[in-house]
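Engineer: One structure, pasted below without further comment.
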Amino acid sequence: MDLMDSLKSAVGGGDQKEDLMSSVMQLLGGQGGLQNLIGQFDAKGLGDIIGSWVGTGQNKSISPDQLQKILGSDVLSGIASKLGLNANDLSSQLSNLLPGVVDKLTPEGKVPEGDIMSQASDLLGGLFGKK
């Protein structure tokens with residue numbers, strides 16, 4: 001299974017797909033964007049994990065529990081309630097989705113300059129046939 005198939009599989013089909021994509025974009029486009037997310041990983045001692053996603057080597061996996069530790073249960077619960085999911089299901093889906101999205105947004109092994117939201121939108125829209 002290639003990366004595109006993995007990302008599509010992680011999000012799945014149905015009505016929640018676009019909402020989950022929107023939630024990923026929110027995480028990447030919030031205050032400080034990807035740099036802020038990297039900082040959150042660093043602060044929790046997991047900078048090596050997101051560093052592997054940004055870098056050009058193999059992506060390290062992240063467990064749903066580790067992701068919850070980084071993002072916080074309040075953030076995950078808020079997103080999950082909007083999607084009609086429980087926080088554990090959302091953590092599981094995001095732990096599968098985020099490594100590939102961050103990897104694709106950083107193809108040269110560095111955080112891009114410019115509008116990360118536009119880049120994320122193009123990436124996620126392309127994955128699901130939207131432009």
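Engineer: If only one of Lys104, Lys110, Lys131 is of a type outside the set (Ser, Thr, Tyr), at pLDDT 80 or above and surrounded by fewer than 18 Cβ atoms within 10 Å (Cβ to Cβ), which one is it?
Structural biologist: Lys110
Engineer: Look through Gly29, Gly33 and report the one residue that is at pLDDT below 95, at positive phi, within 12 Å of the chain's Cα centre (by Cα) and not hydroxyl-bearing (Ser, Thr, Tyr).
Structural biologist: Gly33
Engineer: Under 6 Å between Cβ atoms, which residue pairs at least 6 apart in sequence (or on different chains) link something in segment 18-29 that is under 14 Å from Val102 (Cβ atoms) with a partner that is β-branched (Val, Ile, Thr) and at pLDDT 75 or above?
Structural biologist: Partner pairs satisfying both residue conditions: Val24/Val101.
Engineer: Every residue in segment 54-69 that is among the hydrophobic types (A, V, I, L, M, F, W, C) and at pLDDT 95 or above, please.
Structural biologist: Ile62
Engineer: Then there is this: What is the one condition in (1) assigned to a helix (DSSP H, G or I); (2) more than 16 Å from the chain's Cα centre (by Cα); (3) of a type in the set (A, V, I, L, M, F, W, C) that Leu85 does not satisfy?
Structural biologist: (1)
Engineer: Taking the criterion of being surrounded by 14 or more Cβ atoms within 10 Å (Cβ to Cβ) and modelled with pLDDT of 90 or more, would at least one residue in segment 4-17 satisfy it?
Structural biologist: no
Engineer: Which of the residues belonging to segment 66-91 are among the hydroxyl-bearing types (Ser, Thr, Tyr) and within 12 Å of Leu20 (Cα to Cα)?
Structural biologist: Ser81, Ser91
Engineer: Name the one entry in Ser95, Ser91, Ser61 that is within 20 Å of Gly45 (Cα to Cα) and not in a helix (DSSP H, G or I).
Structural biologist: Answer to the check: Ser61.
Engineer: In segment 51-100, which residues are in contact (Cβ under 8 Å) with a residue 40 or more places away in the chain, among the β-branched types (Val, Ile, Thr) and touching a helix residue (DSSP H, G or I) at 6+ places or on another chain (Cβ under 6 Å)?
Structural biologist: Selection gives Ile79 alone.
The values are calculated or read from the model by the stated rules, or taken from the named source; none is laboratory data. Small disclaimer: the values here were computed from a predicted structure and weren't measured. No Cβ is skipped: glycine too gets one built from the backbone with ideal geometry, and neighbour counts run over all protein chains shown.
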